[in-house]
Amino acid sequence: MLTLASRVTGLVRELLMASMFGASALTDAFNVAFRIPNLFRRLFAEGAFSQAFVPVLAATRAQHGDDATKAAIDSVATALAWSVLVLSLLGVLASPWLVWALASGLQQDAQGYNAAVNMTRWMFPYIAFMSMVALSAGILNTWKRFAVPAATPVLLNVSVIAAAWLLAPWFSRQGIEAIYAMPAGVMLGGFLQLAVQIPALARLGLLPRIGIRPSAVKRAWTNPATLNILRLMAPALLGVGVAQISLLINTQIASHLAPGSVSWLTYADRLMEFPTAILGVALGVVLMPQLAAAKATGDADRYAAMLDWGLRLVLLLALPCAAALLLFAQPLVSVLYHYGAFTDKDVQQTTLALTGYGVGLLGLVAIKVLAPGYYASQDIRTPVRIAVVVLVLTQIFNVLLVPYLAHAGLALSIGLGALVNALWLLLGLLRKGSYTPQPGWWRFAGQVLLATALLSVLLSLAAHHLPWMAMRQEAWLRIAWMLGILVCSAFLYFGVLWATGVRLKAFLKR
């Protein structure tokens, strides 16, 4: 529910951005500038670090107790804090080169390119905040305290919303480009996300002590837990790096397409991330420490049962979401973004990108459940090898699709690559014998497919028989239609599931 709250506020954030700034060279500049620290955050903090840290922490706690775990936390926090401090300083200095590496096409517009460089300088230290947030979240999730880490993204969204609402108009009155208010909101959000973790860690007696003296820093880097995490991070960095390289290539390609392409992809990505985060990220966060604990104690049955539970939830909830993104994309984009500076063309282009993402939504969500099945066993190499092949495959898709579909081809390539990745991860777990599907899968899949097929008919009729873009001047009527259709869709989908024998309460309880 807290992840849902963060995605709702994230949509409000994007709605305000779309309404105030539309899709232009300056919005492309902000999205590129924000993507740079996020790229490093996903690479070092929430990506490779979390994948290595949580299994090591869970294993240390299960095998050596809480005292040894607290010592490990202090050492890891010290090593991480000094690393991200140095990285932040280097990032600020290297901003022009980073912008060029990620989106050299912005040089077609000097104002947009300079804006991207300046905003990158302001926002790059965001990685330092988020790296420490990732450390805190890993600790809290291992202790099964999921609420605070899940709630913290709301603070970033609220900060950016406040900046857009309050600071941007003031900037305009001062003769400053209003888009420059956004980096201030991002940095405030990073600070607040870290600040709220501190009381939660203190209550558990797990607030890390960060060493300042050279001797303390040296001890931190030689601690067995730190060395183990570094050992696991090496292949994980490659694996996460592959995904970020794919993002970098796609952003680079988009920056050379029509102005606004980066923004259209970003707006579509926000909508796609709504189900991905609520389902995939939330499931992955809950499953990861428990799968790691089950592996550490040798409980193979519990490990397999939890994977099966996660995959059934993926099919149950992600398949209807994919149908909505494929068949109901234009109404969703219209209701959420079609205001102010966001034009009819922006709606059409964002819809095309969203449809491309919708093709691979099931794979994108499933990866969040399947990959922890490997990480819990401290097997990071297999997902990395798969990711490398999928990266090459995705770029082949780009070569084939982008000349015909432009930015939508980039989204479709990501979707197709995600499906291949998820299927490969699943087959690997089945071959190893780590995961054995529980009885009743074929019947369950048939029930979900039937409910999704009937839902698809309703969504298709609603998308084609209402003038969604023409209702721009009747915003409340358009919103009312959307709410009514979504409520009817939920009743239809879950009603068909109930009628065919799926008992959600028992399923979720299990």
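The values are calculated or read from the model by the stated rules, or taken from the named source; none is laboratory data. In this text the structure is predicted, and so the values were computed from the model without any measurement. With ideal geometry, Cβ positions are generated from the backbone for all residues, glycine too; neighbour counts draw on all protein chains shown.
Structural remarks
- Annotation note: Cβ proximity below 7 Å between a residue of region 435-448 that is within 22 Å of PHE494 (Cα to Cα) and among the hydroxyl-bearing types (Ser, Thr, Tyr) and a residue that is at pLDDT below 85 and in a helix (DSSP H, G or I) (sequence gap 6+ or interchain) occurs for no pair.
- Of all residues making up region 287-315, the number that are within 22 Å of the chain's Cα centre (by Cα), within 18 Å of VAL56 (Cα to Cα), at pLDDT 80 or above and not hydrophobic (A, V, I, L, M, F, W, C): 0
- Scan of region 469-480 for residues that are in contact (Cβ under 8 Å) with a residue 60 or more places away in the chain and either surrounded by 14 or more Cβ atoms within 10 Å (Cβ to Cβ) or not small (Gly, Ala, Ser) (or both), ordered by number: MET469, MET471, ARG472, ARG478, ILE479
- VAL365 satisfies every condition listed in (1) at pLDDT 85 or above; (2) closer than 30 Å to PHE21 by Cα; (3) in a helix (DSSP H, G or I) except (2).
- Selected residue (only one of TYR303, TYR339 is outside any helix (DSSP H, G or I), touching a residue at least 24 places away in the same chain (Cβ under 8 Å) and in contact with a Lys or Arg (Cβ under 9 Å, 6 or more places away or on another chain)): TYR339
- The criterion of being at pLDDT below 85, assigned to a helix (DSSP H, G or I) and surrounded by 19 or more Cβ atoms within 10 Å (Cβ to Cβ) holds for VAL76.
- Cβ-Cβ distances below 6 Å connect the following pairs, each with a first residue in region 2-19 that is among the aliphatic types (A, V, I, L, M), a second residue that is outside any helix (DSSP H, G or I), and a separation of six or more residues or different chains: ALA18/PHE342.
- Filtered residues of region 24-63 (kept if modelled with pLDDT of 75 or more, farther than 19 Å from LEU140 by Cβ and of a type in the set (Phe, Trp, Tyr)): PHE30, PHE34
- Hits in region 459-481 - residues which are part of a helix (DSSP H, G or I), more than 31 Å from the chain's Cα centre (by Cα) and within 16 Å of THR343 (Cα to Cα): ALA470, MET471, GLN473
- Only one of the listed residues (LEU102, LEU106, LEU2, LEU26) is buried (at least 19 other Cβ atoms within 10 Å of the Cβ), under 23 Å from the mean Cα position of the chain (by Cα) and not aromatic (Phe, Trp, Tyr). That residue is LEU102.
- Of the numbered criteria (1) surrounded by fewer than 23 Cβ atoms within 10 Å (Cβ to Cβ); (2) within 20 Å of the chain's Cα centre (by Cα); (3) among the hydrophobic types (A, V, I, L, M, F, W, C), the one VAL333 fails is (1).
Condition check ((1) of a type in the set (Gly, Ala, Ser); (2) without any contact (Cβ under 8 Å) to a residue 12 or more places away in the chain; (3) out of contact with any Leu (no Cβ under 6 Å at 6 or more places or on another chain)) across all residues:
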site: SER24; (1), (2), (3): yes, no, yes
site: VAL56; (1), (2), (3): no, no, yes
site: ASP67; (1), (2), (3): no, yes, yes
site: ALA72; (1), (2), (3): yes, no, yes
site: VAL76; (1), (2), (3): no, no, yes
site: ASP109; (1), (2), (3): no, no, yes
